[in-house]
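The next block holds one structure in the form of structure tokens; read it before the comments.
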Amino acid sequence: MTGPAAAAPGTETGPDTGTVSGANTGRANPHRGEAFLRIAGQDYVLRPSFGALVAAEEELGPLFALVERAGGGQLALADLAGLFWHCLSDPGPLARADVEQAIVTLGLSGCAAPLRIILGQILRGAG
């Protein structure tokens with residue numbers, strides 16, 4: 001990749017957080033709480049839409065409790081994988097196992113930036 005999207009996976013690279021190529025073409029908008037996650041060598045947009053958050057809540061329990069677990073260092077890998085999976089704006093051919101493998105590949109430090117953006121969106125909203 002060249003240009004702004006060449007930054008480390010899961011990091012912000014400027015006002016639009018870079019360009020995404022492939023199945024999930026578009027730009028992550030940090031003002032909408034969107035972030036990138038590198039999965040199988042490609043950046044995908046995580047978009048915490050209302051529908052995505054409802055689906056995550058159905059699986060993971062109340063979002064406020066999820067935020068509290070994260071703040072207390074008690075967020076489980078299954079919580080992280082579930083939240084990222086439901087927030088994928090267009091998973092295309094990906095399976096949930098691909099998201100889980102991305103978490104293992106990136107490590108917790110590589111997942112921190114997109115998690116922080118999504119949790120911030122949950123807490124603050126868009127406006």
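For the range 101-113, give me the residue count where each residue is touching a residue at least 24 places away in the same chain (Cβ under 8 Å) and open to solvent by less than 70 Å² (accessible area, probe 1.4 Å).
Matching residues across the range 101-113 total 7.
What are the residues in the range 67-80 that are in a helix (DSSP H, G or I), without any contact (Cβ under 8 Å) to a residue 24 or more places away in the chain and open to solvent by 30 Å² or more (accessible area, probe 1.4 Å), if any?
Scanning the range 67-80 gives Glu68, Arg69, Gly71, Ala78.
Just a yes or no: is a residue in the range 56-66 over 18 Å from Ala28 (Cβ atoms), part of a loop (DSSP other than H, G, I, E, B), open to solvent by 50 Å² or more (accessible area, probe 1.4 Å) and not hydroxyl-bearing (Ser, Thr, Tyr)?
Yes, there is a match, as at least one residue in the range 56-66 is over 18 Å from Ala28 (Cβ atoms), part of a loop (DSSP other than H, G, I, E, B), open to solvent by 50 Å² or more (accessible area, probe 1.4 Å) and not hydroxyl-bearing (Ser, Thr, Tyr).
Working carefully through the options Arg96, Arg38, Arg47, find the one that is farther than 20 Å from Gln121 by Cα and basic (Lys, Arg).
Checking each option against the conditions leaves just Arg96.
When residues of the range 33-44 are filtered for being open to solvent by 50 Å² or more (accessible area, probe 1.4 Å) and charged (D, E, K, R), how many remain?
So the answer is 1.
Being in a helix (DSSP H, G or I) and touching a residue at least 24 places away in the same chain (Cβ under 8 Å) is the requirement here; does Leu83 meet it?
yes
Okay, residues lined up against (1) modelled with pLDDT of 50 or more; (2) open to solvent by less than 50 Å² (accessible area, probe 1.4 Å); (3) in contact with a Leu (Cβ under 6 Å, 6 or more places away or on another chain):
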site	(1), (2), (3)
Thr2	no, no, no
Ala5	no, yes, no
Ala8	no, no, no
Pro15	no, no, no
Ala28	yes, yes, no
His31	yes, no, no
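Among the listed residues Arg116, Arg47, which satisfies the condition of being of a type in the set (Lys, Arg) and surrounded by fewer than 18 Cβ atoms within 10 Å (Cβ to Cβ)?
Of Arg116, Arg47, the one residue that is of a type in the set (Lys, Arg) and surrounded by fewer than 18 Cβ atoms within 10 Å (Cβ to Cβ) is Arg116.
Is there a residue in the range 81-100 that is at pLDDT below 95, hydroxyl-bearing (Ser, Thr, Tyr), open to solvent by 20 Å² or more (accessible area, probe 1.4 Å) and in contact with a Lys or Arg (Cβ under 9 Å, 6 or more places away or on another chain)?
Checking the range 81-100: at least one residue is at pLDDT below 95, hydroxyl-bearing (Ser, Thr, Tyr), open to solvent by 20 Å² or more (accessible area, probe 1.4 Å) and in contact with a Lys or Arg (Cβ under 9 Å, 6 or more places away or on another chain).
The values are calculated or read from the model by the stated rules, or taken from the named source; none is laboratory data. Please read all numbers here as calculations on a predicted model, not as lab measurements. Neighbour counts are summed over all protein chains in view; Cβ atoms, including those assigned to glycine, are modelled from backbone coordinates with ideal geometry. The protein model used for the area step is the full one, side chains on, heavy atoms only, and it has no ligands, DNA or RNA in it. Shrake-Rupley method; radii C 1.70, N 1.55, O 1.52, S 1.80 Å.
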